[in-house]
Amino acid sequence: MKKHLKKIVIALIVVFILIQFFPTHRNENKELLPTDFSKVYDVPENIHVMLKNACYDCHSNNTKYPWYNKIQPVSWFLENHIAEAKEELNFSEFGNYSAKKQNHKLDEIIDEVKEGEMPLKGYKLMHSEAKFSDEERKQFLSYFQKIMK
Ligand code: HEC
């Protein structure tokens with residue numbers, strides 16, 4: 001039994017080392033697209049900073065990666081997560097959405113932030129700058145309510 005365990009542990013270590021060599025896609029597109037939310041709407045600086053700190057890592061074409069993204073399978077996990085998030089909402093390509101869809105997304109953003117669903121809990125644990133104070137949440141919500149048609 002002990003012998004088996006040792007083999008299993010060695011096999012796991014080997015797999016762990018091997019997967020470090022798998023290439024991963026990085027969500028990094030340095031240019032600021034004309035369809036970026038900040039180009040389509042008049043976004044005050046404080047709101048822009050909140051979006052960048054709390055949303056853009058998952059909901060845009062530019063992620064600021066943490067150091068642990070260099071470790072597999074973390075990198076795969078984050079990549080999946082980002083792809084899923086961008087499918088729902090991509091601030092970099094917000095201008096490509098129809099007027100109706102933009103409005104619908106604004107409504108969803110308000111809901112998610114009001115209910116404290118976004119940014120995701122796990123993300124807030126790792127990124128203290130993504131936690132909104134009550135005052136920041138108020139500013140955030142009132143801005144989005146203002147631009148919604
Ligand atoms: C750590 C990654 C991450 C961060 C940071 C994040 N989101 Fe998300 N978001 C997701 C994922 C994944 C989904 C899709 C799955 C889901 O709905 O949980 C999503 C879904 C959404 C949706 C669609 C919800 C629906 O009704 O289906 C909205 C709107 C949204 N996020 C807004 C935001 C806003 C606004 C912020 C910043 C305040 C933010 N998110 C920060 C990962 C993230």
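The table below gives the values:
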{"read-out": "Degrees, to the nearest 10: 2-19 long Cα axis against longest axis of the chain", "value": "40 degrees"}
{"read-out": "log₁₀ of I(q)/I(0) at q = 0.15, 0.19, 0.20 Å⁻¹ - segment 26-147, Debye sum with one point per alpha carbon", "value": "-0.68, -1.11, -1.23"}
{"read-out": "The chain: relative contact order as a whole-number percent, Cα under 8 Å and 6+ apart", "value": "27 percent"}
{"read-out": "Tail beyond 14 Å, pair distance distribution of segment 95-149 (Cα, percent)", "value": "59 percent"}
{"read-out": "Candidates per chymotrypsin sites (Phe, Trp or Tyr not before Pro) in segment 1-98, loop by DSSP, up to 11 other Cβ within 10 Å", "value": "21"}
{"read-out": "Taking segment 81-149 and dividing mean pair separation by its residue count, relative contact order in percent (alpha carbons under 8 Å, at least six apart)", "value": "34 percent"}
{"read-out": "Dipole magnitude (debye, nearest 20) for segment 26-147, charges at Cβ of Lys, Arg, Asp, Glu", "value": "180 debye"}
{"read-out": "Separation of alpha-carbon centers, segment 50-81 and segment 1-36, rounded to whole Å", "value": "15 Å"}
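Every number in this text was worked out from the coordinates using simple rules, so none of it is lab data. In this text the structure is predicted, and so the values were computed from the model without any measurement. Cβ: placed from backbone, ideal geometry, glycine included. Neighbour counts: every protein chain shown.
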